[in-house]
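Structure first, then comments.
The values are calculated or read from the model by the stated rules, or taken from the named source; none is laboratory data. Not measured: the values here are computed from a predicted model. Positions of Cβ are backbone-derived with ideal geometry, glycine not excepted, and every protein chain shown enters the neighbour counts. We work out accessible area using only protein heavy atoms, side chains counted, and drop any ligands, DNA or RNA first. Shrake-Rupley method; radii C 1.70, N 1.55, O 1.52, S 1.80 Å.
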Amino acid sequence: MAYETIIVEIEDHIALVKLNRPDAMNALNEQVFKELADFLTSAQTNDKVRCIVITGTEKFFAAGADIKMMSELSFVDAFTGDIFSEETAQIMRVRKPIIAAVAGYALGGGCELAMLCDFIIAGDNAKFGQPEVNLGIMAGIGGTQRLTQAVGKAKAMDMNLTGRFMDAEEAERAGLVSRVVPCKKLMEEAMGAAAKIAEKSMITVMAIKESVNKSFEVSLSEGLMYERRVFNSLFATEDQKEGMAAFLEKREPQFRDR
Ligand code: DAK
């Protein structure tokens, strides 16, 4: 599939995906989600990709779903078309790690896309928000769910009901983002984090991602049991032997994803 709304570069086992609708502040339409889902699904089986970074520009990650596209939708269109649902499901099925590198606006569907990633690194000019309420609609891809899990009820209600934006500092304090760095250093930081992940055992990395995500779906006791079972299973890998041998021999491990 040739992409028009995203630009993909793969280097050193990192796929850098840039949202590319600059005239509309990277507003998300069906084409963007289809292209993103297509690439991320293909990355799953591409040995050249061990970690993915999704980003926008220095001024905007994405200013939300495309309001022009949505403005003419009827209830029947929205209900039967069920836009974005298959693509977001596909993105959720990606087992390789995905980092969102967010500078500037991440609003509405843009904030939700960032939250679909495994973690968010923010530039100090980042602004997060769920301003759908100003348009007479509400969040529809996790802005009332994932945001609440990330920042708690008080801030999620505040952001969804008032439509106010949260700056990078507040987002870090609230647990929405993992790190805040000066905007100019954002890509260096995000690519550095991706490089660290890319050098680990892919089996271990995918097991960790799956296990953390499990915590959102099941009770604590079930989650702990799941974690224990996966932990035990990693002792069947060559990479566990290599990782521990390397530590004891005071050298860098050479993981082979076996
Ligand atoms: N859609 C379309 N175009 C947008 C846009 C958007 N979300 N955001 C910005 N643009 C366009 C503007 O129309 C403008 O285009 P031109 O007039 O130059 O042609 C250009 O980008 C620059 O925007 P501004 O002139 O407004 O720039 P400012 O710096 O003054 O303001 C801003 C930046 C980000 C504060 C402002 O543009 C803004 O408030 N944008 C809208 C933010 C917003 O309301 N986002 C939420 C959209 S609703 C669904 C699930 C989820 C969703 C939908 C469906 N289903 C499951 C079905 C999600 C909904 C949303 O995200």
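What the phi angles of the range 94-110 give under the Karplus curve with 6.51, -1.76 and 1.60, with θ = phi - 60°, is a coupling list of 5, 9, 7, x, 10, 9, 9, 9, 10, 10, x, 6, 10, 10, x, x, x Hz, glycine and proline written as x. For the peptides 106-116, 47-57, 78-88, 168-178, the ranking by mean Cβ contacts within 10 Å, running from highest to lowest, is 106-116, 47-57, 168-178, 78-88.
Compute the Rg/Rh shape ratio of the chain: radius of gyration over Kirkwood radius, all on alpha-carbon atoms. Radius of gyration over Kirkwood radius for the chain works out to 0.99. Rounded to whole Å, give me the distance from the Cα center of the range 83-158 to that of the range 1-57. Going from one Cα centre to the other spans 17 Å. Rounded to the nearest 5, the antiparallel percentage of DSSP beta bridges internal to the chain is 25%. The amide H of MET166, built 1.01 Å from its N in the peptide plane, has PHE128, GLY129 as neighbours under 5 Å, considering only residues 5 or more places off or on other chains. On the range 82-236, 57 percent of the accessible area sits on carbon and sulfur atoms, based on a 1.4 Å probe. The amide H of CYS51, built 1.01 Å from its N in the peptide plane, has ALA15 as neighbours under 5 Å, considering only residues 5 or more places off or on other chains.
Mind checking the alpha-carbon convex hull of the range 27-82 and giving the volume per residue in Å³?
Value for the range 27-82: 92 Å³ per residue.
Could you state the angle between the C-alpha long axis of helix 30-44 and the longest principal axis of the C-alpha atoms of the chain, as a value from 0 to 90 degrees rounded to the nearest 10? Approximately 0 degrees, to the nearest ten.
In terms of overall dimensions, the range 1-53 has a Cα radius of gyration and Dmax of 11.2, 34 angstrom. Computed from point charges on the beta carbon alone (+1 for Lys and Arg, -1 for Asp and Glu), the dipole magnitude for the range 38-156 about its Cα centre is near 500 Debye. Annotation: amide H-H contacts under 5 Å for ALA27 (H modelled 1.01 Å from N, sequence separation of 5 or more, or interchain): ALA63.
With every protein chain present, what is the per residue accessible area of the range 105-146 (1.4 Å probe, Å²)?
Normalised by residue count, the accessible surface of the range 105-146 is 35 Å².
Based on the Kirkwood approach, the hydrodynamic radius assigned to the range 131-183 is 11.5 Å, with every pair of different Cα atoms included.
When the alpha carbon gyration tensor of the range 20-115 is reduced to an equivalent ellipsoid, the three semi-axes, largest first, read 23, 18, 10 Å.
Note on the range 154-199: the alpha carbon radius of gyration divided by the globular reference 2.2 N^0.38 Å gives 1.47. Orientation-averaged projection of the range 53-159 equals 7.1 nm² [convex hull of Cα atoms, one quarter of hull surface area].
Its DSSP H runs of at least 4 residues, each contributing -39,500 (n - 2.57), put the calculated 222 nm mean residue ellipticity of the chain at -13000 deg cm²/dmol, to the nearest 500. Converting phi to 3J(HN,Hα) with the Karplus coefficients 6.51, -1.76 and 1.60 and the offset θ = phi - 60°, the range 75-91 yields 4, 5, 4, 5, 5, 6, x, 6, 4, 6, 6, 5, 5, 5, 5, 5, 5 Hz in sequence order, with x at every glycine or proline. For the range 1-83, DSSP calls about 50 percent of its internal beta bridges antiparallel. Pair-distance distribution P(r) for the range 91-233, from all Cα-Cα distances in 5 Å bins starting at 0: 2, 10, 18, 20, 18, 16, 10, 5, 2, 0 percent. Panel note: the C-alpha atoms of the range 198-258, placed on their principal axes, show extents of 39, 20, 18 Å (largest first).
The local environment of ARG173, defined by Cβ-Cβ distances under 12 Å, has a net charge of -3 under the rule Lys, Arg +1 and Asp, Glu -1. Listed by chain and number, the lysines whose C-alpha is less than 29 Å from the C-alpha of LYS214, apart from same-chain residues fewer than 8 away, are LYS18, LYS34, LYS48, LYS96, LYS127, LYS153, LYS155, LYS196, LYS200, LYS241. For the range 80-94, the residues whose backbone nitrogen is under 17 Å from a point 7 Å from the Cα of ILE10, taken along Cα to Cβ, are 94.
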